[in-house]
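Single-structure report; data block below.
The values are calculated or read from the model by the stated rules, or taken from the named source; none is laboratory data. Predicted model, so just to flag it, every value in this text is computed and none were measured. No Cβ is skipped: glycine too gets one built from the backbone with ideal geometry, and neighbour counts run over all protein chains shown. Remember, those area values only see protein heavy atoms, side chains included, never the ligands or the DNA or RNA. Shrake-Rupley method; radii C 1.70, N 1.55, O 1.52, S 1.80 Å.
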Amino acid sequence: MINGLQIAARFFTERIKMNRLNIIPQPNKITYLGGEVSVENAEIITQISDALAEEEYVLTVDGDGIKLIAGSEKGVFYGRQSIAQLGKICPCVRIEDKPAYNYRGFMLDTVRHIISIEDTKKMIDAAASAKMNVMHWHLTDDQGFRIFIESRPEAALLGSVRDHSGFGTLKEIGEYSGYFTKDDLREIVDYCAERFITVIPEFDVPGHCSALLHAYPEISCKGTPVKVKTHQGIFEDILCAGKEKTFDIVFDILSEILEIFPSEYIHIGGDEAPKARWKECPDCQKKIKELGLKDEEALQGWFTNRIIDFLEKNGRKAIVWNESLKGGNLKTTATVQKWMDRKNLSSDYANAGGKVIISEFFHYYCDYPYGMTPLIKTYNYNPVHRGVKHPKNIIGVEATIWTEYINNFDKLCYQCFPRFTAVAETGWTLPENRNHSDFIRRFMAYTETLDKFGITAAAPEEWNLSLLDRLSKSLAFANSIRHRS
Ligand SMILES: [Zn+2]
């Protein structure tokens, strides 16, 4: 028998269900107007208004249909992403929405394992639907150089090939090779542009350059042969900062990168550059003395600044990983990407007026298992980190995926989703409008959108494991990456 209270409760629950939207990222202001309408095949009337910011949109869904007003075509695009998630029947609503951060990125490492153009497009589709606006493309590293450069063809022809692969227990017999032609790269730039995503290429220097040094050993400190690496790690042979030839090659490569990629920002790496070679290299030591630098870290600062000058002369800006701050002399026009920064130099940098992007290792590195980085940890992370006095200098967030241990698209999707989408929501939705359990509810509906792109997320039971499962999965991962070959 059902009593009055139960009927009221059921009615109330139904109302709530009916009145909830499943949009990802969560819009920043939703006003329910009462009632519901069928939006299947509804006409969308769009209008551009100068009164709204570039990425802002206002969406009204009622008996008269769907009206979308936006600050620009980009805003229209974002409004349409929300419309696509309304379902067939939706409550009458007014959505007033704009992003929390200007920079909402995702990074793909297409070096350790190549992510095909076709699969890259699927990732772009997913990012665009979650209103991300930057794809950071990691194209060069120790294990491969994956851009074809006409003036320096050896970089890709020799540097894209490794003998075999042995990333922990993930071993692949035989040669592994491949690089992108300019047409491939432009195809992705165009595909992104149609979705209001900027591609920021990364040419990582002076460290993570074994593949480039394999092609041009003369720009290492020792000048002896360097192999394209077959396993994960940090390697001591880096670009020599004391030889002029190094800059000739770096600028030749960058010149062609600038031709292909129209982005305002170019990523020039700067992470994990051990100084053992520079300490013993007569050319590097001579340069330190000549310039009156305090040490090898400051030499990296000088090296990086010279490349920043080159970019700026060409009308571009640089992004660098946070290690570039160690020398204390980085140009303040660089934007710093924070990933692991024990001394919190990036907070000092932001406080001094520098711009910082957040890709915190323990929260946003999606190549680590859910045991180490459960969804709730990624989702709840506040990018305005400890010690930041000027939150406006944190310009945004970026989820990253490194592919040492990922050699197929299913695994890539499993690692990235839902965590990439969680970072997208942090980039778009104000902290007061974010809620982890509500995100999970909405993500369940969002898997239909991902299905359309050919993306399958990790199963819900994987997202937030019990403490015991977290420990065992983290240990298993740690064991699997211990091996080298
Ligand atoms: Zn040197």
State yes or no: is residue 293 farther than 23 Å from residue 137 by Cβ, within 16 Å of the ligand (Cβ to nearest atom), open to solvent by 10 Å² or more (accessible area, probe 1.4 Å) and in contact with a Phe, Trp or Tyr (Cβ under 8 Å, 6 or more places away or on another chain)? yes
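Please go through segment 274-290 and give me each residue that is away from the ligand (no atom under 12 Å from the Cβ) and either over 18 Å from residue 221 (Cα atoms) or touching a residue at least 12 places away in the same chain (Cβ under 8 Å) (or both), ordered by number.
274 - this is the single residue of segment 274-290 that is away from the ligand (no atom under 12 Å from the Cβ) and either over 18 Å from residue 221 (Cα atoms) or touching a residue at least 12 places away in the same chain (Cβ under 8 Å) (or both).
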Filtering segment 192-237 down to residues that are in a strand (DSSP E or B) and among the hydroxyl-bearing types (Ser, Thr, Tyr), which residue is nearest to the ligand (Cβ to nearest atom)? 220
Sort out for me the strands (runs of 3 or more DSSP E) sitting completely within segment 123-178 that have 1 or more residues that are open to solvent by less than 10 Å² (accessible area, probe 1.4 Å). 134-138, 165-167
If I ask for residues that are more than 21 Å from residue 128 (Cα to Cα), of a type in the set (Gly, Ala, Ser) and at pLDDT 95 or above, which ones from segment 29-76 would you list? 49, 51
Residues 287, 326, 313: which one is at pLDDT 95 or above, charged (D, E, K, R) and within 22 Å of residue 340 (Cβ to Cβ)? 326
Across (1) away from the ligand (no atom under 15 Å from the Cβ); (2) more than 15 Å from residue 203 (Cβ to Cβ); (3) open to solvent by 30 Å² or more (accessible area, probe 1.4 Å); (4) in contact (Cβ under 8 Å) with a residue 24 or more places away in the chain, residue 309 clears everything bar (4)
Matching residues, segment 439-475, being open to solvent by less than 30 Å² (accessible area, probe 1.4 Å) and of a type in the set (D, E, K, R): 442
Between 435, 479, which is at pLDDT 95 or above and open to solvent by 70 Å² or more (accessible area, probe 1.4 Å)? 435
Taking residue 244 and the conditions (1) surrounded by fewer than 17 Cβ atoms within 10 Å (Cβ to Cβ); (2) away from the ligand (no atom under 14 Å from the Cβ); (3) not small (Gly, Ala, Ser), which numbered condition does it fall short on, given that it satisfies the others? (2)
Exactly one condition in (1) touching a residue at least 40 places away in the same chain (Cβ under 8 Å); (2) not in a loop (DSSP other than H, G, I, E, B) is not met by residue 183; state its number. (1)
Would segment 257-271 turn up any residue that is at pLDDT 95 or above and more than 28 Å from residue 199 (Cα to Cα)? no
So which residues in segment 336-347 are outside any loop (DSSP other than H, G, I, E, B) and closer than 19 Å to residue 274 by Cβ? 345
Find the residue count for segment 342-364, including only residues that are more than 15 Å from residue 395 (Cα to Cα), open to solvent by 30 Å² or more (accessible area, probe 1.4 Å) and under 18 Å from the mean Cα position of the chain (by Cα). 2
Odd one out for residue 378 among (1) under 26 Å from residue 440 (Cβ atoms); (2) among the hydroxyl-bearing types (Ser, Thr, Tyr); (3) open to solvent by 10 Å² or more (accessible area, probe 1.4 Å): (3)
Filtered residue count, segment 247-273, keeping only those that are open to solvent by 30 Å² or more (accessible area, probe 1.4 Å) and either among the aromatic types (Phe, Trp, Tyr) or within 16 Å of the ligand (Cβ to nearest atom) (or both): 3
